[in-house]
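Structure first, commentary second.
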Amino acid sequence: MIRIGILGNIGSGKSYVAKSFRYPVFNADLEVSKLYKNNKKIFLKLNKILPNYIHSFPINKNEMSKAIIANKSNLNKIVKVVHKEVRKRMNVFMKKNKNKRIVILDIPLLLENKINIKKDILVFVESKKIDILKRLKKRKNFNKKLHKKFKDIQLSPSYKKKKSQFIIKNDFTQITIKRGINNILKKII
């Protein structure tokens, strides 16, 4: 099985690129969202460590945002609780797809949380800053302070780019993404 990890800035189009490969995708953001909606144990753990912020189940994203903005250490506390469960779900995904030729890992903190393995093929999604900002501002819950907190815990884009075997320049057109993916697949299959 070939594991392809998708890297890039917040808002660069990583999830779109991941889906465009047309192979099974493990989307960590989607899994976190499901945990907040459905996992009472996660709620109880977060409520215990952040009682001033996390009050209701299903977990309210606004409560999470307030906790993260209020104190830098809160984000690290959240990550410790949530990422253990996300990692378990990723392991289930890997077992379920063990006979697939390729799987795609759409995990924002792939390198930061040392989830990648040496054999992983890393693809950096590169987008212009102006395009990223336009896209982020269109997001329903976009918050500049929150965005900065998440950027602060991530490795620099230049480091991620250096670690990547491939770069897809995302101009947010389907044809460019398809061309980039086809070039990668020709080289790895």
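The values are calculated or read from the model by the stated rules, or taken from the named source; none is laboratory data. Predicted, not measured: the structure shown is a model, and the values here were computed from it. A quick note on method: Cβ atoms are made from the backbone with ideal geometry, for glycine too, and the neighbour counts reach across all protein chains shown. Ligands, DNA and RNA are stripped out before the accessible areas are found, and what is left, the full protein with its side chains, is counted by its heavy atoms. Shrake-Rupley method; radii C 1.70, N 1.55, O 1.52, S 1.80 Å.
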Review point. Give or take rounding to whole Å, what are the principal axis extents of the alpha carbon atoms in the stretch 121-186, in descending order?
Key: 41, 25, 16
Review point. So how tilted is helix 129-138 from the main axis of the chain? Cα-based, degrees 0 to 90, rounded to 10.
Key: 50
Practice item. Write down the Kirkwood hydrodynamic radius of the stretch 40-153, to one decimal in angstroms, obtained as one divided by the mean of 1/r over all alpha carbon pairs. Key: 16.5
Exercise for review: Could you quote the convex hull projected area for the stretch 76-130, Cα atoms only and averaged over all directions, in nm²?
Suggested key: 5.3
Practice item. Quickly work out the residue 76-to-residue 186 label distance, labels modelled 7 Å from Cα along the C-beta direction, and quote it in nm with one decimal. Key: 4.7
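Once you have the Cα-Cα distance between residue 165 and residue 60, take 0.36 nm times their residue separation minus that, and quote the gain in nm to one decimal.
34.0 nm
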Revision key, fill the gap. Here the gain from full extension of residue 135 to residue 22, 0.36 nm per residue of separation minus their alpha-carbon distance, amounts to 38.4 nm
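Out of the total accessible area of the chain (probe 1.4 Å, heavy atoms of protein only), what percent is carbon and sulfur?
On the way: 6100 of 11550 Å².
In the chain, the share of accessible area belonging to carbon and sulfur is 53 percent.
From Cα pairs below 8 angstrom and at least 6 apart in sequence, can you work out the relative contact order of the chain, rounded to a whole percent?
Working: 231 pairs, mean separation 69.0, N = 189.
That works out to 37 percent.
List, in the order given, every pair from 45/162; 77/187; 77/137; 41/145; 14/84 whose Cα-Cα distance in the structure shown is over 32 Å. Present the calculation step by step, with values, prior to reporting the outcome.
Details: 45/162 37 Å; 77/187 40 Å; 77/137 27 Å; 41/145 28 Å; 14/84 22 Å.
In this structure, 45/162; 77/187 lie more than 32 Å apart at Cα.
Hey, could you grab the Kirkwood Rh for the stretch 44-86? Inverse mean 1/r over distinct alpha carbon pairs, Å, one decimal. Walk me through the numbers on the way to the answer.
On the way: mean 1/r = 0.0974 Å⁻¹.
Value: 10.3 Å, from the Cα pair sum.
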Study note, to complete from the structure: Only helices counted: for the chain, with every DSSP H run of 4 or more residues adding -39500 (n - 2.57) and the sum spread over all residues, [θ] at 222 nm is -17000 deg cm²/dmol
Point to revise | Accessible area per residue in Å² at 1.4 Å probe, computed on the chain | key: 61
Practice item. Report the percentage of all Cα-Cα pairs in the stretch 1-61 whose separation exceeds 18 Å, rounded to a whole percent. Key: 50
Exercise for review: Give the span of the stretch 148-187's Cα atoms along each principal axis, as three whole-Å numbers ordered largest to smallest.
Suggested key: 35, 21, 11
Revision key, fill the gap. Once the mean of 1/r over all distinct C-alpha pairs in the stretch 11-96 is inverted, the Kirkwood radius in Å reads 14.0
Practice item. Taking H placed 1.01 Å from N in the peptide plane, check which residues at least 5 places from residue 168 or on another chain put their amide H under 5 Å from its amide H. Key: 124, 125, 126
